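Chemist: Got a structure for you, written out below as structure tokens; questions coming shortly.
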Amino acid sequence: MKYLTNLLLAGSASLFASVAMAQNTNLRVAMQLEPPNLDPTAGAAQAIDSVVYSNIFEGLTRFMSDGSVVPGLAKSWEISGDGLSYTFHLQSGVTFHDGTTMDAEDVKFSLDRARAEDSTNAQKALFSSIAEVSVVDPLTVQITLNAPNGSLLFNLAWGDAVIVAPESIETAATKPIGTGAFMFSNWVQGDRIDIVRNPTYWGTPATLDSASFRFISDPTAAFAAVMAEDVDVFVGFPAPENLPQFEADPRFQVLVGNTEGETILAMNNALPPFDNVLVRQAVAHAIDRQAIIDGAMYGIGTPIGTHFAPHNPDYVDLTALSAYDPEKSRALLAEAGLPDGFTTTLKLPPPSYARRGGEIIAAQLRAVGITAEIENQEWAQWLENTFKGHDFGMTIVSHTEPMDIGIYANPKYYFQYDNPALQALMTTLTSTTDPAARSALLAQAQTMIAEDYVNGYLFELAVPTVARAGINGLWLNQPTAAIDLTAVSWP
Amino acid sequence: MMRYTMGRLISLCLSLIVASIVIFTVVEVVPGDPAAYMLGVNARPDTLAALRSELGLDMSLPERYFAWTTGMMQGDFGQSYTYRTPIAAMIADRVWVSLPLALFALTLTIVIAFPAGIYAASRRGKLGDLGVMGATQLGVAVPNFWFAMILVMIFAIKLRWFSAGGFAGWEGGLLSGLKSLLLPAVALALPQAAILARVMRSSLLDMLGEDFIRTARAKGLSRRQALWRHALRNALIPVLTIIGLQFSFLLAGGIVIEQIFFLPGLGRLIFQAISARDLIVVESVVMLLVFVVIVVNFVIDLTYAAVDPRLRLRK
């Protein structure tokens, strides 16, 4: 009998142990959208990077959650005095998940492929300053530029610049082979993607044995899945109105981090009356940012006064330039010859910041006499008509690319801001590598577009993550779309 | 019977051809370039052109229509723009969720509706009838996604008997698969059962007023015997029509339910494909659903003939 009891005890102990083990080494992660494919070098969808960035694929450099750029597959580098030549020293002993060695040839292949004539890389402009990539020896690569580029190391940290192998790139869309701490295991399309720990990882191995990504875009379903503990982490939780409920529940932790998403009320600078700076200024003063953040985002988000991320050390707070002042707005409209206001269109893409924010902005504009006719558009339609076709008066969108103030130097960009002074400033910035000089130039650029009231600057988009209490190592901020699980662990 | 079947077959083929033309034109006319969607806001014109030619989007509309329809007749639906995998394989994967879900929901519908309808008809005007009619009134009025949310709140969040969504897969056995389909199937079935029960009841009551029932009663059958032996079979024709329509609805109309329960079925595939402008996937899946609906109607037409000999014998 005693024997039997011991057996039972031992049995149940091992049973519970195995249950606990299974709990503690696998992570079920939910996100809103399913990636269309898993090749980050051939598509713009953020969902691709969310799954593969740093987990499966790595670049020469990489982003950390705080936005800093640190060595990745390149352990160190030297920059020539004229800033035209970068010599990268690669980590040794790195292999791809299929067992092939990662060396300088792969780096050359990856970068040449991304900037090739027939490349389908969504961020091809990142590589436009590269003149030549040459292999010095198996662990050394030299990149020659056609002009100095102060942001090369930053550009190489993007998911679009990861190192891939010529042997496996053909099938990367459905079976990605990288060098990361996790290996791709399985993809049930429409349902989930599974990854497992890479046992031969060159760096610090992952704590988790495995993880699976699930895709839930419906806000009600997302709430139910977290509450029922069907998922352990939800990155980019779609219903900010539910966050206080999770915060009050000891089973969960809520992380609200920042992104690189400057959410703006874009105005068509080439279309009357927005070609008049007084009108743009009037729109800017008609907007109550805090009311939009509270109403559309349930209080999460940081007000911005220019097109720059507030958590960046070079950020200049210019919100006072466009403070909420309906009286001033009406006066400006009168000065512009539009005392009775005017009618325009407001095209809204699907995200809730745009749809909810758009309703509030339309009401605020109505108070100063501007009638904004709202039209809801799907992304594909928005891209074709608004973004490419320039058929809009105003639109709301979050510009999620990091450090993208350069878009103001492109007069053909959808809001069509054409200012030679800013264009010259940006050219100088690209060729400046001295950090202090760069900071000064960036401050100048921020002030210039804010004083020109190019767009209505609303807020920096925040990303809420809901996770089971005790899970450590999740990214708080999203300097790039990524759900980096390499440092994540259960308590 | 032969002639009847041939006639139905010809109308089936014509419907398919017309449907393919309508689907293709409607989907292609909608604004939104798949390549632009995939490459996002920073894409350069040369990159876009490279992708468009890779996807075959630089061909003319008639060329693409022709390539699409001839491919389909050989069972080749083409490749998805976004997933870059064969559509036939994607559909095959998804059908294993949507078809069982539709059949499960249809079974539940019939299991609930038949007894309820027959019971109400046999108790016409009495308390039981009023109860069934009241309940079905509610069932018809309440949309299935609302039922879905209530079910999730009670059985997934409060009681934790079921997952809030997701599909366990058939690899884990029939039971685990059915378990993950139970809540969605119930949510889909309740409004349909309410409709079907009402049709069953009114159809039976119509029959009970017919001369042949009076004859049967005059022969000495009780009201109940007349109902079971004579009225029921004749009342089935309108009921079968509704079941046919409902099956098509359940197969295609799971879109919202599949979103709420994040099930990897055909509805979710269409939903994702529409927003990603994966036009060829939208066209192929919709065409497949049209095909199923038309075939189901064809089968229902043949069933009429089996139930009603007059249709069979007519020249």
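Chemist: Just to verify a result, which residue in region A:251-272, among those that are in a strand (DSSP E or B) and over 30 Å from A:GLY389 (Cα atoms), is farthest from the chain's Cα centre (by Cα)?
Modeler: Only one residue fits best here, namely A:PHE252.
Chemist: Which of the residues that make up region B:85-100 are open to solvent by 50 Å² or more (accessible area, probe 1.4 Å) and not in a helix (DSSP H, G or I)?
Modeler: Across region B:85-100, the qualifying residue is only B:PRO86.
Chemist: Right, here's the next one. When you check A:ILE143 against the structure, is it touching a strand residue (DSSP E or B) at 6+ places or on another chain (Cβ under 9 Å), within 24 Å of A:GLU260 (Cβ to Cβ) and either free of Cβ contacts under 8 Å to residues at least 12 places away in the same chain or more than 14 Å from chain B (Cβ to nearest Cβ) (or both), yes or no?
Modeler: no
Chemist: Also, I was wondering about something else. For the structure I just gave you, tell me whether A:PRO219 is surrounded by fewer than 19 Cβ atoms within 10 Å (Cβ to Cβ), modelled with pLDDT under 90 and at negative phi.
Modeler: Judged against the criteria, A:PRO219 is a match.
Chemist: When the residues of region B:134-150 are narrowed to those that are open to solvent by less than 60 Å² (accessible area, probe 1.4 Å) and within 19 Å of B:SER98 (Cβ to Cβ), which ends up modelled with the lowest pLDDT?
Modeler: Checked region B:134-150; the qualifying residue modelled with the lowest pLDDT is B:ASN144.
Chemist: Follow-up question, since we're still on this one. Which ones in region B:137-170 are within 12 Å of chain A (Cβ to nearest Cβ), touching a helix residue (DSSP H, G or I) at 6+ places or on another chain (Cβ under 7 Å), assigned to a loop (DSSP other than H, G, I, E, B) and hydrophobic (A, V, I, L, M, F, W, C)?
Modeler: B:TRP161, B:PHE162, B:ALA164, B:PHE167, B:ALA168, B:TRP170, listed by residue number.
Chemist: Between B:ARG64, B:ARG3, B:ARG52, which is open to solvent by 50 Å² or more (accessible area, probe 1.4 Å), assigned to a helix (DSSP H, G or I) and more than 14 Å from chain A (Cβ to nearest Cβ)?
Modeler: B:ARG3
Chemist: Quick test of your reading of the structure: B:ASP129 fulfils all but one of (1) within 14 Å of chain A (Cβ to nearest Cβ); (2) surrounded by fewer than 20 Cβ atoms within 10 Å (Cβ to Cβ). Name the failing condition by number.
Modeler: That leaves (1) as the condition not met.
Chemist: Of everything in region B:261-271, what is surrounded by 24 or more Cβ atoms within 10 Å (Cβ to Cβ) and either part of a helix (DSSP H, G or I) or without any contact (Cβ under 8 Å) to a residue 24 or more places away in the chain (or both)? Give them in sequence order.
Modeler: The answer is B:LEU266, B:GLY267, B:ARG268, B:LEU269.
Chemist: I would also like to ask the following. Between B:PRO191, B:PRO184, which is assigned to a helix (DSSP H, G or I) and within 14 Å of chain A (Cβ to nearest Cβ)?
Modeler: Of the residues listed, the single one that is assigned to a helix (DSSP H, G or I) and within 14 Å of chain A (Cβ to nearest Cβ) is B:PRO184.
Chemist: May I pose another question? Which members of region A:209-222 meet the condition of being of a type in the set (S, T, N, Q) and more than 12 Å from every other protein chain (Cβ to nearest Cβ)?
Modeler: Across region A:209-222, the qualifying residue is only A:SER210.
Chemist: I've got another one for you. Determine if region A:433-453 includes at least one residue that is at pLDDT 95 or above, in a loop (DSSP other than H, G, I, E, B), surrounded by fewer than 19 Cβ atoms within 10 Å (Cβ to Cβ) and in the same structural domain as A:GLY358 (by TED's automatic domain parsing).
Modeler: Yes, the conditions are met somewhere in region A:433-453.
Chemist: Is it true that some residue in region A:262-270 is in the same structural domain as A:THR447 (by TED's automatic domain parsing) and either closer than 27 Å to A:ALA225 by Cβ or touching a Cys at 6+ places or on another chain (Cβ under 7 Å) (or both)?
Modeler: Yes, region A:262-270 contains at least one residue that is in the same structural domain as A:THR447 (by TED's automatic domain parsing) and either closer than 27 Å to A:ALA225 by Cβ or touching a Cys at 6+ places or on another chain (Cβ under 7 Å) (or both).
Chemist: Can you go through A:ALA225, A:ALA206, A:ALA284 and tell me which one is more than 14 Å from every other protein chain (Cβ to nearest Cβ), in contact with a strand residue (DSSP E or B) (Cβ under 8 Å, 6 or more places away or on another chain), open to solvent by less than 20 Å² (accessible area, probe 1.4 Å) and more than 30 Å from A:TYR413 (Cα to Cα)?
Modeler: A:ALA206
Chemist: Can I ask one more? So is B:ALA120 surrounded by 19 or more Cβ atoms within 10 Å (Cβ to Cβ), within 22 Å of the chain's Cα centre (by Cα) and in a helix (DSSP H, G or I) or not?
Modeler: no
Chemist: Pick from A:GLY299, A:GLY341, A:GLY337: which is more than 19 Å from the chain's Cα centre (by Cα), buried (at least 17 other Cβ atoms within 10 Å of the Cβ) and at positive phi?
Modeler: A:GLY341
The values are calculated or read from the model by the stated rules, or taken from the named source; none is laboratory data. Just so we're clear, the structure is a prediction, and the values are computed from it rather than from any experiment. Quick reminder, even Gly has a Cβ in these numbers, built from the backbone with ideal geometry, and neighbours come from all protein chains shown. For the accessible areas, the whole protein counts, side chains as well, though only heavy atoms, and no ligand, DNA or RNA atoms are used. Shrake-Rupley method; radii C 1.70, N 1.55, O 1.52, S 1.80 Å.
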